[in-house]
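Structure first, commentary second.
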Amino acid sequence: MKMIQCVSPLDNGKLTVFGMDVTRQHREIKSFMGVVPQENNLDPDFSVYKNLYVYSRYFDIPRKEAEKRIEKLLDFVQLTEKRDTLADTLSGGMKRRLILGRALINEPRLLMLDEPTVGLDPQSRHIVWDKLTELKKKGTTIVMTTHYLEEAAQLCDRLVIMDNGQILVEGTPEEIIQEHIGSDIIETKDTDEIRICLDKNNARYEVIGDMIQIYSNNPQIITDHLMKQCSLEKIIVRKATLEDVFLKLTGRKLRD
Amino acid sequence: MGYFSLPDITSKSFKVWLRNRDVFMSTFKVNFLPPLVEPILYLFALGFGLGNYISDIEGVSYAEFIAPALISVSLMYAAFYECTFGSYVRMYYQKTFDAIIATPLNIDEVIAGELLWGATRSVINSIIVLPVMAIFGLVVFPHSLLIIPFAFLGGMLFSCIAMCFTAVSSNINSLTYPSILFIMPMFLFSGTFFPLSLLPQGVQYFALATLPLAHIVIVIRSLTSGILDVSLLFSLVWLVVASALFFLLSINLMKKRLII
């Protein structure tokens, strides 16, 4: 991310953004890029309005034009009423929205977001998602990193799962789920009895803690089959999610 | 990347200066208080209090002797603290530098803007202190007006030195080391409150070779007394060369710290 943002130098190879070389044309690239960093870096001593105005100066946006854009952006990120509030005293969700607004001051063609909704309450998170969807519709290219797989599934057209700097899979969220898990997951309690029953039927399953997960595209048939043949205490059928794929691919061990 | 590589700087640095000015102006009342009150307190305690026991020093009253030192110290403090604690807070706690380098500005321009602002703080302080000294009749005009532009040069040097310390400090508390081991001794032994000539010859040379404040006091004392001498050129050249070197060093050290 930092290399695309023309901030970190390349170790080797070549990297271009919209056909421009990041090592030589960093000013041009950054002039049409918006960045939402993981850590808030608003100016705490400035009001909401002034934060946006000071940022517009870095892009050489003329004052009149900046004022027009700021009004529109305040409305877009729903902070018009907070325009004179010091950035330091905003809530977490408002700070995030202000940062998103600030990243849009130069009307970027490319918006880079690093964990845009980390630490936000569900309402604030949904507002940010709505805004990003709106921007996407308008044709802004959005590149984001996230650990919230629900967020990735909702927003991304193209998804890459990375682990230790390596790309593990790539595709649309639906493709990835279908390819690695199937449409559904059947979960049941892990007992010897059930394992014997499943082994007899040559079923593909995984043991996770005290649960057994069976991946399938035909949950109905398998469930009926299991109900008939094995004495099941409890059985849950649910849609497979990206989180299942992620855990399957990267393992369940804690990574620090 | 060396320690004295030429930075890539455009007029965009001025945008960083503007940002710092705007923050300064939003709390200007409290910002004007220290440079106004501090020299007055020193002037009363040392100049008029202790000074009572000193009939004259190098041909002038003690208050007249320390007046240029108080101006020099004020401009030193302004720039040094702006570019140590001030810049450290912006760099590390507020992540202001990160926010700015996501725009068409690069890190060289951010640091240059910080240094320009630090020098400007010195100019502001000199503008505040000079009238105080004038009210007590301790400075000669119009020569003393030259102190204002000169404060920019002096402030630039202290900003650059301060930025070097900021670049190599692992945390904000370690900035106490240069404050107490560099700034404090310089405050006392740069010909500020007694003439350099009282020191042993070797120490005098050491002071002139290494202490920026010693040269700043020499220049400002000439301006407040209105007695200009060719030997001033040596101090001016020393200050310009040191500023240029520390300007390059501070930007390169900051780049080494921040670009990962």
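Worth pointing out:
- Peptide A:20-31, shielding by other chains (average Cβ, 10 Å cutoff): 2
- Residue A:202 paired with residue B:10, simple spin-label distance in nm, labels 7 Å along Cα-to-beta-carbon: 6.8 nm
- Remark: the residue A:118-residue A:183 segment gains 20.6 nm on full extension, using 0.36 nm per residue and subtracting the alpha carbon distance.
- Approximating the spin labels as points 7 Å out from Cα along Cα→Cβ, the residue A:138-to-residue B:40 distance works out to 5.3 nm.
- On Cα atoms only, tilt of B:232-258 relative to the major axis of chain B in degrees: 30 degrees
- Contact order relative to length of chain B, as percent, for alpha carbon pairs under 8 angstrom and 6 or more apart: 28 percent
- Each Lys or Arg adds one and each Asp or Glu takes one away; over the other residues whose Cβ falls under 15 Å from the Cβ of residue A:100, this sums to +3.
- 14 Å beta-carbon shell around residue B:248, net charge (K/R +1, D/E -1): 0
- For region A:32-156: rounded, prolate or oblate by the Cα gyration tensor [a/c cutoff 1.5]: oblate
- Shown for region A:1-125: lysine pairs separated by 8 or more places, or found on different chains, whose C-alpha atoms are under 19 Å apart, numbering 13.
- 10 Å-binned pair-distance histogram of region B:123-247 (Cα, whole percent): 12, 39, 36, 12, 1
- These residues, B:93, B:77, B:88, go from largest to smallest accessible area, 1.4 Å probe, as B:93, B:77, B:88.
- Anisotropy class of the protein assembly as shown from Cα gyration tensor, a/c 1.5 cut: prolate
- Inter-chain Cβ neighbour average for residues B:101-110, partner chain, 10 Å: 6
- Over chain B, DSSP H runs of length four or greater, each weighted -39,500 (n - 2.57), average out per residue to a 222 nm ellipticity of -21000 deg cm²/dmol.
- Three-way shape label, region B:92-154, alpha-carbon gyration tensor, a/c 1.5: prolate
- Cβ-Cβ FRET estimate between residue B:258 and residue B:134, R0 fixed at 51 Å, reported to 0.05: 0.75
- The C-alpha atoms of chain A define a longest principal axis, and helix A:219-229 lies at about 30 degrees to it.
- Estimated 222 nm signal from helices in chain A, with DSSP H stretches of n ≥ 4 weighted -39500 (n - 2.57), rounded to 500: -12000 deg cm²/dmol
- In this structure, residue B:205 and residue A:39 have a Cβ-Cβ separation that, at R0 = 56 Å, corresponds to a calculated FRET efficiency of about 0.70.
- Cysteines (scope the protein assembly as shown) whose Cβ has no counterpart Cys Cβ under 4.7 Å: A:6, A:156, B:83, B:160, B:164
- Note on residue A:228/residue A:15: beta-carbon distance plugged into 1/(1 + (r/R0)^6) with R0 of 56 Å gives a FRET efficiency of 0.45.
- Relative to the longest principal axis of the Cα atoms of chain B, the long axis of helix B:147-168 makes an angle of roughly 50 degrees.
- Relative contact order of region B:120-185, pairs being alpha-carbon contacts under 8 Å that are 6 or more residues apart, as %: 35 percent
- Selection of trypsin sites (Lys or Arg not before Pro), region A:20-74, meeting DSSP coil and at most 11 other Cβ within 10 Å: A:24
- Peptide B:87-95 - average C-beta neighbours from other chains (10 Å radius): 2
- Mean sequence separation of contacting Cα pairs (under 8 Å, at least six apart), scaled by the length of chain A, corresponds to a relative contact order of 15 percent.
- Projected onto its three principal axes, the C-alpha set of chain B covers 60, 42, 34 Å, listed from the longest axis down.
The values are calculated or read from the model by the stated rules, or taken from the named source; none is laboratory data. Please read these numbers as outputs of a predicted model, since none were measured by experiment. Using ideal geometry, Cβ is built from the backbone for each residue, glycine included, and neighbour counts are taken over all protein chains shown. To get the accessible areas, we keep the full protein, side chains included, count just its heavy atoms, and leave off ligands, DNA and RNA. Shrake-Rupley method; radii C 1.70, N 1.55, O 1.52, S 1.80 Å.
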